[in-house]
1. Only one of these is out of contact with any Pro (no Cβ under 6 Å at 6 or more places or on another chain), buried (at least 20 other Cβ atoms within 10 Å of the Cβ), in a helix (DSSP H, G or I) and aliphatic (A, V, I, L, M): L19, L61. Name it.
2. Give region 22-43 a look and list any residue that's surrounded by 15 or more Cβ atoms within 10 Å (Cβ to Cβ) and among the hydroxyl-bearing types (S, T, Y), or say none.
3. Quick check on my filter: what residues within region 4-59 are farther than 22 Å from A115 by Cα, among the charged types (D, E, K, R) and touching a residue at least 40 places away in the same chain (Cβ under 8 Å)?
4. Just to be sure before I move on: is L119 closer than 23 Å to A64 by Cα and touching a residue at least 60 places away in the same chain (Cβ under 8 Å) in the structure I sent?
5. Show the residue pairs meeting these rules: Cβ distance below 8 Å; 6+ apart or different chains; first residue within region 143-163 and farther than 15 Å from E92 by Cβ and in a strand (DSSP E or B); second residue small (G, A, S) and open to solvent by less than 20 Å² (accessible area, probe 1.4 Å).
6. Kindly check whether there is at least one residue in region 83-103 that is farther than 30 Å from T2 by Cβ, among the hydrophobic types (A, V, I, L, M, F, W, C) and surrounded by fewer than 20 Cβ atoms within 10 Å (Cβ to Cβ).
Amino acid sequence: MTATIRRAVPDDVAVLVELGTSTFVETFGHLYSAADLQAFLGESHSPDAYAKTLANPDYALWIAERDGNAIGYAQAGPCGLPHADVRHGDGELKRLYLRQSEQNGGVGRALMDAAMQWLERDGPRPLWISVWSENHGAQRFYARHGFEFAGEYEFPVGEQRDREFMFRRLPRDA
């Protein structure tokens, strides 16, 4: 059955908390101590964090569903990456996660397309993404969408600092 992509609404907070937590743990949980993982999840994947994002018109989230079950999501908004070339007005794909059982079936591309269309709704602009340095599959995926390596920084997960790569896509002609 085909997945559907829809814009998240405030009533989706509980779904986003579960989906964000489970997909992060499934993908990266093995990298962190229990304390670091819980600190990160409590800050970044709490009901308050999602409610605040959903209430801010500068951000948007999409949920992918199959048979009434949430299987992935994307989040986009203003770029907050620590790169010298980031300017006011640049956009960022903040998150794109799928349950592992749903990967490589086109759902990630559909979420990416929804986010890119929204980020460029007022015309082309620089777009940014950050990716864990060892997530080579995601890096290849973003490269297929025109993103190129632009730098790196340390991404905090609790007390741990990960090597994170920043990728940028320069504006495309309208």
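The values are calculated or read from the model by the stated rules, or taken from the named source; none is laboratory data. Remember, predicted model here, so these are calculated numbers, not experimental data. Cβ coordinates were reconstructed from backbone atoms using ideal geometry, including for glycine residues, and neighbour counts include every protein chain displayed. With ligands, DNA and RNA removed, areas are computed over all heavy atoms of the protein, side chains included. Shrake-Rupley method; radii C 1.70, N 1.55, O 1.52, S 1.80 Å.
1. L19 is the lone residue from the list that is out of contact with any Pro (no Cβ under 6 Å at 6 or more places or on another chain), buried (at least 20 other Cβ atoms within 10 Å of the Cβ), in a helix (DSSP H, G or I) and aliphatic (A, V, I, L, M).
2. The answer is S22, T23, T27, Y32.
3. Matches in region 4-59: E26, D36.
4. So L119 does not fit the description; no.
5. E152/S133; D162/S133; R163/S133
6. Yes, region 83-103 contains at least one residue that is farther than 30 Å from T2 by Cβ, among the hydrophobic types (A, V, I, L, M, F, W, C) and surrounded by fewer than 20 Cβ atoms within 10 Å (Cβ to Cβ).
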